[in-house]
Amino acid sequence: MKKVNSIWDFFSSVKLAIITLSLLATSSIIGTIIPQNKSGQWYAQEYGNNLAQLFKILDIPDMYGSWWFLALLGLLCTNLIICSLDRFPEVWRQMKTDGLDTSVQRLKKMGRQKEWRSSSSLPVTVLDLRARLNSSGWKNRSRNSDGGTLLFAQKGAWSRIGVYVVHSSILVIFIGAIIGELYGFKGSVLIPETEQTDKIYTSNGTKTIDLGFTVRCDSFTLELYQSGMPKKYKSQLTLLENGKELFQAPIEVNSPLKYRGITFYQSSYEGYQDFMIKVTNKASGKSKSSIVPFQEQGQWPQEGLTFGVINAEGIGESISRLKIWFSDSKGVPSILWLKDGEAATVERGGGTYLLSIKQVYATGLQVCKDPGVWIVYCGCGLLLLGLVIAFFMSHQRIWLYIKEDDGGTSILFTGSANKNRIGFENIFNDLAVILHKQKG
């Protein structure tokens, strides 16, 4: 039995909570400084082979999923649960204790008290004091005690559970995180324009995840500053299921797309050396779009047209201006320069054509599913509520003992608070002035 009690005391100790929280904080700092879920080669290049090997042994590259980090979280949960079970019964007893059972001898020993006399009789004094307490917001009860009358009132008895609300909120957050880890995922995918996929890849690229539907990138647009730095970029996506289009939606940075609990974030892009060329016969209205690699030939056999990009200017991966040749096999090919995304009319002997061209990009999407996120949010809200209760509210109790004394009455006024005693002292003194005030 003694061994069981020692184990219980160990898991319910505040010292264990402090040590566990310190270890978790230190681990989180390390996990923040050292990038997570990179390849073994990356860690070897950045930190050297010896440190990379040590990281692998300690699961540093996947710290938040490592057995020892999860064990620390489990230890903290166990500590919170046992600590709460160990201390809550006493707190509940204090909340439910009837203040009218307090003896007069104990009231006289309290540190915060005031005494005065009244010339009124006992019944009149009791009625007057009860009325004043009620008007001041102190709902009170009375009982005959030790030859006099005892009044008792309290506020904020439930504030004693603030710390247990905090404990519960941490457990709720952990439950939400576990649900997200078990049933959620986080990955990324790169989809070239006009192409589609129903799979994404985990952050380290070692595993594919089926979405259960298909995502197609219809178009990608990019705006650049004069320096060549990206100013704004967005994708036009189409979601399909069983071959049928569900809906289209634009997506850009800070404006994600959500479907079936899965969120798509616009995170990156990649420019290709391929170009989307669209040719429209103005007379017939017919058009054809083709993706043509750099310095290769595209064709529209029905119209007898050939075209391609023979030169390009740009910064980095982004092309700003393109040199295009266009031929209908009748005479010398037309050569023209166009800005990326620009269109121009080309006059040929066989007809008039509208020619537009843009660089082909792949949109980079970060894809996340976290079914436990709302549980985590609820836990965070509960945590804030618990902290407010624990730090800014207190259980305040007051007693008034009225006894007949030489044709009048003597009054003993005392009170206590479990927290914020300085603030309660001000409340106590103000209330004493109201209770002691003579009738006008």
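The residues of the range 48-71 that are touching a Leu at 6+ places or on another chain (Cβ under 9 Å) and surrounded by fewer than 16 Cβ atoms within 10 Å (Cβ to Cβ), listed by number, are Tyr64, Trp68.
When we screen Ser66, Ser84, Ser103, Ser136 for residues that are of a type in the set (S, T, N, Q), at pLDDT below 90 and either over 30 Å from Lys15 (Cα atoms) or in the same structural domain as Lys15 (by TED's automatic domain parsing) (or both), the only hit is Ser66.
Checking each residue in the range 345-376 for being free of Cβ contacts under 8 Å to residues at least 40 places away in the same chain and loosely packed, with under 14 Cβ neighbours inside 10 Å picks out Glu347, Gly349.
If you go through the range 307-344 and keep only what is assigned to a loop (DSSP other than H, G, I, E, B), at pLDDT below 85 and either surrounded by 14 or more Cβ atoms within 10 Å (Cβ to Cβ) or not assigned by TED's automatic domain parsing to the domain that holds Pro293 (or both), you end up with just Glu317.
When the range 237-261 is examined, which residues are found to be in a strand (DSSP E or B) and either under 27 Å from the mean Cα position of the chain (by Cα) or at pLDDT below 90 (or both)? Across the range 237-261, the qualifying residues are Leu237, Leu239, Ala249, Pro250, Ile251, Glu252, Ser255, Leu257, Lys258, Tyr259.
A quick yes/no check of all residues on (1) out of contact with any Gly (no Cβ under 7 Å at 6 or more places or on another chain); (2) of a type outside the set (Asp, Glu); (3) surrounded by 16 or more Cβ atoms within 10 Å (Cβ to Cβ):
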residue	(1), (2), (3)
Gln226	yes, yes, no
Tyr233	yes, yes, yes
Leu237	yes, yes, yes
Leu240	yes, yes, no
Leu246	yes, yes, no
Gln266	yes, yes, yes
Asp274	yes, no, yes
Ala283	no, yes, no
Gln299	yes, yes, no
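Matching residues to (1) assigned to a helix (DSSP H, G or I); (2) of a type outside the set (S, T, N, Q); (3) surrounded by 16 or more Cβ atoms within 10 Å (Cβ to Cβ):
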residue: Glu90; (1), (2), (3): yes, yes, no
residue: Leu107; (1), (2), (3): yes, yes, yes
residue: Glu115; (1), (2), (3): no, yes, no
residue: Pro123; (1), (2), (3): yes, yes, no
residue: Ala131; (1), (2), (3): yes, yes, no
residue: Gly137; (1), (2), (3): no, yes, no
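Reported count of residues in the range 124-160, each being acidic (Asp, Glu) and farther than 19 Å from Val433 by Cα, is 1. Close contacts from the range 68-93, counting a first residue that is over 14 Å from Leu23 (Cβ atoms) and a second that is of a type in the set (Lys, Arg), with Cβ to Cβ under 7 Å and a gap of 6+ residues or different chains, come to Val91/Arg160. Residues in the range 194-230 that are at pLDDT below 90, over 26 Å from the mean Cα position of the chain (by Cα) and within 30 Å of Gln36 (Cβ to Cβ): Thr206, Leu222, Met229, Pro230. Applying the condition of being buried (at least 20 other Cβ atoms within 10 Å of the Cβ) and part of a helix (DSSP H, G or I) to the range 377-401 and asking which residue is farthest from the chain's Cα centre (by Cα) yields Ile389.
Can you go through Ile191, Ile173 and tell me which one is touching a helix residue (DSSP H, G or I) at 6+ places or on another chain (Cβ under 6 Å) and modelled with pLDDT of 90 or more? Result of the check over Ile191, Ile173: Ile173.
The values are calculated or read from the model by the stated rules, or taken from the named source; none is laboratory data. Everything quoted here is computed from the prediction, not taken from an experiment. Heads up, the Cβs are rebuilt from the backbone with ideal geometry, glycines too, and the neighbour counts pull from every protein chain shown.
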